[in-house]
1. Would you work out which of A:Ala18, A:Gln264, A:Ser191 lies farthest towards the positive end of the dipole of chain A, given +1 charges on the beta-carbon of Lys and Arg and -1 on that of Asp and Glu, about the Cα centre?
2. Any chance you could list the semi-axes, whole Å, largest first, of the equivalent ellipsoid that the Cα gyration tensor gives for chain B, using √(5λ)?
3. Over the stretch B:318-375, what is the mean sequence separation of C-alpha contacts under 8 Å (at least six apart), divided by residue count, expressed as relative contact order in percent?
4. Which whole-number value in Å³ per residue fits the convex hull of the alpha carbons of the stretch B:184-263?
5. Mind pulling the angle between the C-alpha long axis of helix B:2-17 and the longest principal axis of chain B? Nearest 10 degrees, somewhere in 0 to 90.
6. With no solvent and one point per C-alpha, what does the Debye sum give as log10 I(q)/I(0) for the stretch B:34-162 at q = 0.22 Å⁻¹?
7. Return the Cα extents of the stretch A:1-137 along principal axes one, two and three, sorted largest first, each rounded to a whole Å.
8. Pairs A:Lys63/A:Lys152; A:Lys11/B:Lys289; A:Lys42/A:Lys63; A:Lys28/A:Lys178: which are spaced more than 18 Å apart, C-alpha to C-alpha?
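Any read-out appearing in this document is the output of simple, stated calculations on the displayed coordinates, not a laboratory observation. This structure is a prediction, so every number in the text was calculated from the model and none was measured. Here the Cβ positions follow ideal geometry from the backbone for every residue, glycine too, while neighbour counts run over all protein chains shown.
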Amino acid sequence: MSMLTVQDLQKSFGKFEAVKGVSFTVEKGESFGLLGPNGAGKSTMINMITGLYPPTSGEIHMKDIDVIKSPKQAQKWIGVVPQEIALYQSMSARENLRFWGRMYDLSGNSLEKSIDQVLEIIGLTERAKDKVETFSGGMKRRVNIGAAILHKPELLIMDEPTVGIDPQSRNHILETVKRLNSEGMTIIYTSHYMEEVEYLCERIGIVDYGQLIASGTLRELRESIGDHSRIFLTIEKDHLSEEKLTKSLLGFFPEKNFELQDHQVMVFHKEPQLILSDFIQLVTQTGTKITSVNIVEPNLESVFLHLTGRKLRD
Amino acid sequence: MLKIWTIISIRLKEFFKSPGSLVLMFVMPALFSWIFGGIAVNSEQSKPLVNIVLKGDSKVNTEIVKLLKKDDHFEWKMESRSQAEKNVAEQDALAAVVLPADIGERVRVKKPIFDVIVQRKSEDYLALSGFLEGTAALVVQSYQATLQFEDEAFPQVLAAITTSKGVTVEKQMIQKDTNNLVEINLLFVGFAIMFMMFGLSGAASTILDERIGGTWGRMMVSPASKLQISLGYLLAYFCMGWIQLAVLMTTMNLLFSTTWGKLLYFIPFASLVILCVVGFGLMIAGIVKTKQQASAISAVLIVSTCMLGGVYWPIDVVPEVMQKIALAVPQTWAMAGFKEIISGSLHTGTLMKDLAALLGFTILFMFVGFRGIKFE
């Protein structure tokens, strides 16, 4: 049985359709990433899965629990790391963890033991008694995660947990998530940082305009766009004759797998090394002066670009 | 139950850690009550000082002094002329009354009996001058009535007048004094209600803060039910209200020895008033979208309804139309109920009416509040 099954999920706010019939499954122990630009509908999906919003239509099952009908039953097994730092700033890290632990029915020694373990995981044992308002953004984010894992949830849902923090804290958080996943916790991780999703998630769903436009492992997604690399050729603006260059490129790439924008030429190709020297020669022959050449292996960015025709951070 | 208690405790902790809330809930009402209550109490206790200056130490003057001292609305004190003039100049004394050495001479030449030194003709002075004129007339009449007798007759008549009660009091009524005490105690209760409304509506608007901060949403995705969360907040604010009232009651009791009537009646009634105020705060939290809106709407509603409801002044002093309009605000019923309890009247019918009205307001406020608060 899958840990989470989402079927034809749809959510409208008035006339605006935020999520348009999304379906996916997440298996037990898996880490599933939801990748998409801001406003793509990721948080709305998460809010429905966690039982915060009722969907307009569709089904959500966590194992055999119908999340829409019995959200409180499902929420016992779900840990949620919201996008905001959902903590009481004037309270200490320990007090915050104690509060959220009690909201998940933990009490007494087991609660205190859990708090100690979590403080160790998030690396804040030494600062346990300090008020959250005195913490850096990264430390607050770590407590934010700590509050979600106190009750040892089976499914941990993280909604952009690394927004606005320093690289050191980000690394700590990514390592923590990796460790939790390796210990058997199922993870759903939403982000618009591709490198995080690539690093953490076994399977990835790409979301745009409220739709899940592709899903699969990184390899499957790369293959879905033909596993093409990208060659970026930067040229000196003064020596650029667009018309002449386009004509030559069309002769060399009759399938039109190139783009000419500003003073850069981008070419999609499965084996860039094979064509690189001929390509450079062709461009030089048009009288264009090349300033740099860069080959980018296929990644989530290129997958997203290929699927949506725009960059992830556009 | 653990979840409800957890919410109560975190709200109380946050409340006690916020200096702003503490000032609004305890310092401000205590200060206002101390200032305005102190004025009211002092106005009851302190009497205007009037100095008496004797130009001659005669039996007649001794009797006239006794006659003057019969008016206990003033504090009478013998002083030398120079000291009396200084006291009046510095407004330590309302006035100084100078008694001449020879009253008879004054009467004969038809000059006023008393010379009065006064700095400012205040309301108190007007009351004093009326009394002095009356006394002077009495002295003149006594003098004229005893002209044909021995010299001793004049002071004897004055002594007889001084000792005479004038009016027979068959039943001693202490209603007036009790009423004044009740009014002063109600002033304290009024301030407590007003600041409780400010404090609790401010506290209830923390729900908005929590929504913005994300803790509200996080609580909603925890296994805690809406009922548990609602009860947690409701009871937390109820506790805050009671803590505030208890602190103020104790403070006022220590400062001004105020009494609160029978606690058996006071506690349940005050509990309903607090619940009503909590409902008001939740209603504000439910109908506004930002903290700025909450502050503005709270301020307007609280000040206007407190004015209307007899929190600042007794409702009996406003026109009848206003008294009718005042029935539409909960403070009117709260103050009326407290008056019944503090005065010791405890008229069951009136109390039940006040309770029913307050209960109605509480249910209405809670209904609007909980409908407005978004549990998402």
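1. My answer, from the dipole projection, is A:Ala18.
2. Numbers: eigenvalues 757, 84, 52 Å².
Listed largest to smallest, the semi-axes of chain B are 62, 21, 16 Å.
3. Working: 20 pairs, mean separation 17.4, N = 58.
So the answer I get is 30 percent.
4. On the way: hull volume 7.9 nm³, N = 80.
Dividing the Cα hull volume of the stretch B:184-263 by its residue count gives 99 Å³.
5. Around 50 degrees separate the two axes.
6. Here the Debye-derived log intensity ratios amount to -1.33.
7. Each principal axis gives a Cα extent; for the stretch A:1-137 these are 46, 32, 25 Å.
8. Working: A:Lys63/A:Lys152 16 Å; A:Lys11/B:Lys289 23 Å; A:Lys42/A:Lys63 21 Å; A:Lys28/A:Lys178 15 Å.
Those over the limit are A:Lys11/B:Lys289; A:Lys42/A:Lys63.
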